[in-house]
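*Asks:* Take a look at this one; I'll ask things after.
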Amino acid sequence: MSVSPGYRTRYLGTRARPRRGSNVEPAPALDDAALIRGTLAGRRADFDVLVERYQQALYAFVYRFVHDHDHAADIVQTTLLQAYTHLAQFSGRSSFKTWLHQIALNQCRQLYRSGHGRRHDVPLDDICEADLAAVATDTGARTLGWKAGLERLIARLPLRQRTVLTLRIFSDLPFKDIARVEGMSENSAKVNYHHAITRLRRWLREDS
Amino acid sequence: MTRWQCRRYQPWLVDRVDGVLDASRQQRLEQHLARCSRCRADLEALRDLPEVLRTSTVRDPGEAFWLQQRQAIGRTIRNLPVPHSGWQLDWLREALRLGPWRYPLTATLALLLALSVYHVAQRYPEAGGPSVAAQLAALDSEVLLALDDLSAALTPGDDSLHYTPREDELAFAAVAVSDLVGTHTLSHVPDETELSDADLEGMDELLGGIG
């Protein structure tokens, strides 16, 4: 695979990165509640802002379950459209972000039930091109192997533990919201997270 | 220390890493950690491994993809109706969010509603259907007589039926009137002006016979 030297690395991580090269202070962003009220009042452009705000985080979350770009893109689009059509039912007891993750997770489960989502191998395409460029060095190769190994191990976790771990580590949801998404108690969510971490540690030791 | 005994400390370990464990539990957890190497190792993993996992990233499909997806969603929602806001019920939704007070309040309201229904039922018995007297009045005279005969046959020596001769007389007179006027029942007592001379004569004759 050829790697363009001018390729700008883009990650779908968990933390927002400031936009470089911009001296203009961004306008104060409306919070989710205001945008939801605006959408319900008929301002569809407000929902466009919500889509832009959560589109990438949802994709990163869903991709870790399905490991397929087309499936992930479909699920994200369906999730956001379902959120729009059922927006009046959003009670506000959890955050909008949590609600979106809940809808997306249901979509992932439907895909699993249909038998299309059971893919545990992590394809090479999943590794971002900057990492592929780093293969040229020994350290880079080790890093690449490490990252691919991590994703593979996460994919091996039981579904419930993987869900809790992904929601906690990559989506930054509090345990209270994770419990709501998964339909379990907050304590169970913590125990599942504990099991996921300790199991990963054991597998990593075995791998090394 | 078995893993079973360690189970209760698992969520506490997570809370400790997040810095949200309360003081009393923290103290008990520290005592446990002092003698449990497995939980010490778990605590270390819970502290260090998430940072390692966060370095794992998902390949970005690119700005063109995001834009295309946003446009597709935008086009679709512009063809959909605006989701119904349900603003008329917002006050009710807010009112129902009363925290722990909503349960006793609901019970009190249910009790008040039940008492109201009971009060109305007592005050207006007809509201629940025709009374026994009304049902009896609606019966035809022949049916009443048959019921009377049946009752007498079933309870020949029943002393609880204390009809005075006068009550019997009035009952039979009413039945006689009903028979005379044909279509009338006990629920409709005919006015004297509705009766013909022959009817009145017949009634006088009957009452004279009884007396």
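The values are calculated or read from the model by the stated rules, or taken from the named source; none is laboratory data. Quick caveat, the model's predicted, so the values are computed rather than measured. Note that we place each Cβ from the backbone using ideal geometry, even for glycine, and neighbour counts take in every protein chain shown.
*Asks:* Could you check the stretch B:49-77 and list, in sequence order, the residues that are among the acidic types (Asp, Glu), closer than 30 Å to A:ASP70 by Cβ and assigned to a helix (DSSP H, G or I)?
*Replies:* B:GLU63
*Asks:* How many residues, within the stretch B:31-49, are under 11 Å from B:ARG16 (Cβ atoms) and either of a type in the set (Lys, Arg) or within 9 Å of another protein chain (Cβ to nearest Cβ) (or both)?
*Replies:* 3
*Asks:* Oh, and also: For the structure I just gave you, tell me whether B:LEU46 is part of a helix (DSSP H, G or I), modelled with pLDDT of 85 or more and surrounded by 10 or more Cβ atoms within 10 Å (Cβ to Cβ). Steps first, please.
*Replies:* Details: part of a helix (DSSP H, G or I): yes; modelled with pLDDT of 85 or more: yes; surrounded by 10 or more Cβ atoms within 10 Å (Cβ to Cβ): yes.
When the stated conditions are applied, B:LEU46 passes them.
*Asks:* Residues that are outside the structural domain of A:ALA57 (by TED's automatic domain parsing), farther than 20 Å from A:TYR63 by Cα, crowded, with 20+ Cβ neighbours inside 10 Å and among the small types (Gly, Ala, Ser): does the stretch A:187-194 have at least one?
*Replies:* yes
This table checks each residue for (1) of a type outside the set (D, E, K, R); (2) at pLDDT 95 or above.
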{"site": "B:ASP15", "(1), (2)": "no, yes"}
{"site": "B:ARG35", "(1), (2)": "no, no"}
{"site": "B:VAL52", "(1), (2)": "yes, no"}
{"site": "B:THR57", "(1), (2)": "yes, no"}
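*Asks:* Of all residues being touching a Leu at 6+ places or on another chain (Cβ under 9 Å) and modelled with pLDDT of 65 or more in the stretch B:71-92, which is surrounded by the most Cβ atoms within 10 Å (Cβ to Cβ)? Just the residue, please. Please lay out each step first, then the result.
*Replies:* Quick first cut of the stretch B:71-92, residues touching a Leu at 6+ places or on another chain (Cβ under 9 Å) only: B:73, B:76-77, B:80, B:82-87.
Imposing the further condition that a residue be modelled with pLDDT of 65 or more reduces the set to B:73, B:76-77, B:80, B:82-84.
Values: B:ILE73: 22, B:THR76: 14, B:ILE77: 20, B:LEU80: 11, B:VAL82: 16, B:PRO83: 20, B:HIS84: 11.
If we take residues in the stretch B:71-92 being touching a Leu at 6+ places or on another chain (Cβ under 9 Å) and modelled with pLDDT of 65 or more, then B:ILE73 is surrounded by the most Cβ atoms within 10 Å (Cβ to Cβ).
*Asks:* So how many residues does the stretch B:2-30 have that are surrounded by 15 or more Cβ atoms within 10 Å (Cβ to Cβ) and either touching a residue at least 40 places away in the same chain (Cβ under 8 Å) or not charged (D, E, K, R) (or both)?
*Replies:* Total meeting the criteria: 10.
*Asks:* Residues that are assigned to a helix (DSSP H, G or I), closer than 19 Å to A:LEU157 by Cα and among the small types (Gly, Ala, Ser): does the stretch B:23-40 have at least one?
*Replies:* No.
*Asks:* Please work out which one of (1) at pLDDT below 95; (2) within 21 Å of A:VAL191 (Cβ to Cβ) is the condition B:ALA95 fails and give its number.
*Replies:* Of (1) at pLDDT below 95; (2) within 21 Å of A:VAL191 (Cβ to Cβ), only one is false for B:ALA95: (2).
*Asks:* Any residue at all in the stretch B:53-62 that's within 9 Å of chain A (Cβ to nearest Cβ), surrounded by fewer than 12 Cβ atoms within 10 Å (Cβ to Cβ) and more than 14 Å from B:PRO11 (Cα to Cα)?
*Replies:* yes
*Asks:* Another question, then. If I filter the stretch A:74-110 down to residues being outside any helix (DSSP H, G or I) and not aromatic (Phe, Trp, Tyr), which single residue comes out as farthest from the other protein chains (Cβ to nearest Cβ)?
*Replies:* Only one residue tops the list, namely A:SER95.
*Asks:* Check whether at least one residue in the stretch A:178-195 is basic (Lys, Arg) and at the interface with chain B (Cβ under 8 Å from one of its Cβ atoms), and report yes or no.
*Replies:* yes
*Asks:* So, one more: If you scan the stretch A:58-73, which residues turn out to be assigned to a helix (DSSP H, G or I), within 10 Å of chain B (Cβ to nearest Cβ) and either more than 10 Å from the chain's Cα centre (by Cα) or under 18 Å from B:GLN71 (Cα atoms) (or both)?
*Replies:* A:TYR59, A:HIS69, A:ALA72, A:ALA73
*Asks:* Quick check on A:ALA33: is it touching a strand residue (DSSP E or B) at 6+ places or on another chain (Cβ under 6 Å) and either hydrophobic (A, V, I, L, M, F, W, C) or not in a helix (DSSP H, G or I) (or both)?
*Replies:* no
*Asks:* Pick from the stretch A:149-186 the residues that are part of a loop (DSSP other than H, G, I, E, B) and of a type outside the set (A, V, I, L, M): which of them is surrounded by the most Cβ atoms within 10 Å (Cβ to Cβ)?
*Replies:* By that ranking, first place goes to A:PHE170.
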